[in-house]
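Before any comments, here is the structure.
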Amino acid sequence: MDNNIEQVELRYLTLKDFEELKEVFIEIYGDAPDAYWKKSELKQLIAKFPEGQIVLFVNGEIAGCAFSLIVESSKIDNKHTYDDIAGDTKFKYHNSDGDTLYGIDIIIKKEYRGLKLGRRLYDYRKELCEKLNLKGIVFGGRIPNYHKFSSSLTPRQYIEKVRFKEIQDPVLNFQLSNDFRPVRILSNYLEGDTDSKEYAVWMQWDNIYFTKDSVKPSVDKTEVRLGLVQWQMRSYANLEDLLHQVEYFVQSLSGYRSDFALFPEFFNAPLMAKYNHLSEPDAIRELAKFTQPIKEKMAKLSIAYNINIISGSMPEVIDDKLYNVGYLCKRDGNIERFEKIHVTPDEVKVWGMQRGNQLKTFDTDCGKIGILICYDVEFPELSRLLAVEGMNILFVPFLTDTQNGFSRVKLCAQARAVENECYVAIAGSVGNLPKVHNMDIQYAQSAVFTPSDFAFPSNGVKAETTPNTEMILIADVNLDDLTELHNFGSVRNLKDRREDIYSLVRTTRG
């Protein structure tokens, strides 16, 4: 073959292809009566599942083919043979209502091997699997070089050496490189396959987009619009004035059909101006009295404007202890609470702030999210625990007074996006409060960060605001891109963790 390929085409199998296809099979498997498909068998395959039977043409000539059926995975025995699936000329295991694509044959003509044309057949099967919403693809994969090592290696040992590139197996290597994984060994799989010693490897590819049919209506979204409020610290006459500004931002974000509105940490601090004559610990405890009415107002706004609101954070007193907390007000009416787990030295020294203990993911109509308040994002263990629980978006309300402090939050947030393969949204306050002790100046640049791979911005920044300017930021993120990254990314930070060397577990407090 001179590799002069002018045209490559995939077509559905027809009976007109029989004679040419027969010659291809004879070339590969010999001319024994059972070496090639009979015309009657191909007719049955086409009748039962035309989309599953594909022929690959190069420059108008057949170069290969791929045949498959749909089966019900629960009815396939773990010790089944090839004849169980394909030996019956009526293909009784085919079930158009099944959940799995079973590959029963795939070949490439010898002169076209080495050109990666087989990958097209595998890719077609994957696309078909996704199109039909099947759980995955399975087949019994031959191991044609096993006969060379059968006297010294078990099939399992052989597979391991192939996986680690210590042994080359043209079929198994190719399947592994196409994202199929070995599940189990099948003995006596294909009668007469002396090269494989009649062993085969149950190979499986999982369709990450598979969704179970449900009688319940689903409104879960994969395209999610994030709305961030870069809040201007200014004086407010009273709580009503502050809530008026809150509603203004919620209404604006809702007008752009945002799914979330994220407010910053301690965005309600201007209300402390009234208590500036008190000590800092007493003033912030007075501020805590506004937390409940703000939460109640945001809960109403979330329903009225059909948007999930993350309240930023506010002080709250429980059993005479002061905490930094926030609320997730969902548009379905549910309210959930979160706490700042790592309080800064300044919060402890000036206000007597207590450390929180609650860490959890939150289920929303846009998937699982996590919320960490400011300093918490600088501790990678927290977001990793949330990621393991399925978090797709991490929200970080923050408050920083200097560019140094902001840089710590920003750089750590970007790292969390990469290492946990998730989106991270940070929102802060700008401006100054000269009449509020311990809240003099603020520095912020709100942003949405992403992993760094081909589906995402190369610098990991989806969108960001102008620094130190009051504004909103709206950014769309795609959760399917994260699913793709988890399974097929250039690197896979979550899957490649060495849990044989280290582990991260939750602990409970006594």
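None of the figures in this text is laboratory data; all of them are computed from the coordinates on show. All figures in this text were calculated on a predicted structure; none of them were measured in a lab. Reconstructed Cβ throughout: ideal geometry from the backbone, glycine too, with neighbour counts over all protein chains shown.
Remarks
- Applying 1/(1 + (r/R0)^6) with R0 = 30 Å to the Cβ-Cβ distance of residue 282 and residue 234 gives a FRET efficiency near 0.80.
- Gain on full stretching of the segment that runs from residue 177 to residue 349 - 0.36 nm per residue minus C-alpha separation: 56.3 nm
- Cα-Cα over 31 Å, subset of 126/410; 165/368; 48/116; 75/197: 126/410; 165/368
- The angle separating the long axis of helix 39-48 from the principal Cα axis of greatest extent in the chain is about 20 degrees.
- Dipole-positive endmost among 494, 194, 82 within the chain (Cβ charges, Cα centre): 494
- In a DSSP loop and with at most 12 other Cβ atoms within 10 Å, the chymotrypsin sites (Phe, Trp or Tyr not before Pro) in region 395-466 are 454.
- Of all aspartates and glutamates in the structure, the ones whose alpha carbon falls short of 12 Å from that of residue 43, not counting any fewer than 8 places away in one chain, are 17.
- Relative to the longest principal axis of the Cα atoms of the chain, the long axis of helix 291-304 lies at roughly 50 degrees.
- Exposure proxy order (Cβ contacts within 10 Å, fewest to most) of 384, 355: 355, 384
- Cα-only Debye scattering, region 8-206: base-10 log of I(q)/I(0) at q = 0.09, 0.11, 0.13, 0.16 Å⁻¹: -0.32, -0.49, -0.70, -1.11
- Value of [θ]222 nm, deg cm²/dmol, for the chain, DSSP H segments ≥ 4, -39500 (n - 2.57) each, nearest 500: -8000 deg cm²/dmol
- From phi via Karplus (6.51, -1.76, 1.60), per-residue ³J(HN,Hα) for region 195-205 in Hz, x at Gly/Pro: 4, 8, 6, 6, 8, 9, 10, 5, 9, 9, 10
- Three principal axis extents describe the C-alpha atoms of the chain; from largest down they are 99, 48, 45 Å.
- Taking a straight line from the alpha carbon of residue 300, these aspartates and glutamates sit under 13 Å away, with near neighbours fewer than eight places off in the same chain left out: 247, 332.
- Listed by chain and number, the lysines whose C-alpha is less than 20 Å from the C-alpha of residue 110, apart from same-chain residues fewer than 8 away, are 22.
- Residue separation of residue 188 and residue 77 scaled by 0.36 nm, minus their Cα-Cα distance, works out to 38.6 nm of gained length.
- Cα-based helix-to-principal-axis angle, 403-420 vs the chain, degrees rounded to 10: 20
- Here's how it looks for residue 462: its modeled amide H is under 5 Å from those of 448, 449, 450, which are all 5 or more places away or on a different chain.
- For the chain, with +1 on Lys and Arg beta carbons and -1 on Asp and Glu, the positive-most of 314, 287, 450 along the dipole: 287
- FRET efficiency estimate (nearest 0.05) - Cβ-Cβ, residue 61 to residue 211, R0 41 angstrom: 0.55
- Computed label-point distance, nm, for sites residue 357 and residue 476 using a 7 Å Cα→Cβ extension: 4.4
- Fewest-first ranking of 120, 163, 416, using other Cβ atoms within 10 Å as the exposure measure: 163, 120, 416
- The antiparallel fraction among DSSP beta bridges confined to the chain stands at about 75%.
- Estimated dipole of the chain in Debye, rounded to 20 [Cβ of Lys and Arg +1, of Asp and Glu -1, Cα centre]: 640
- Using the average count of surrounding beta-carbon atoms within 10 Å as a protection proxy, the listed peptides 87-99, 476-488 rank, highest first, as 476-488, 87-99.
- Computed FRET value (nearest 0.05) for residue 84 with residue 164, which takes r as the C-beta separation and R₀ as 35 Å: 0.65
- Among the listed pairs 221/295; 39/90; 16/131, those beyond 21 Å (Cα-Cα): 221/295; 16/131
- Label point distance in nm, residue 488-residue 6, each placed 7 Å from Cα along Cα→Cβ: 3.2
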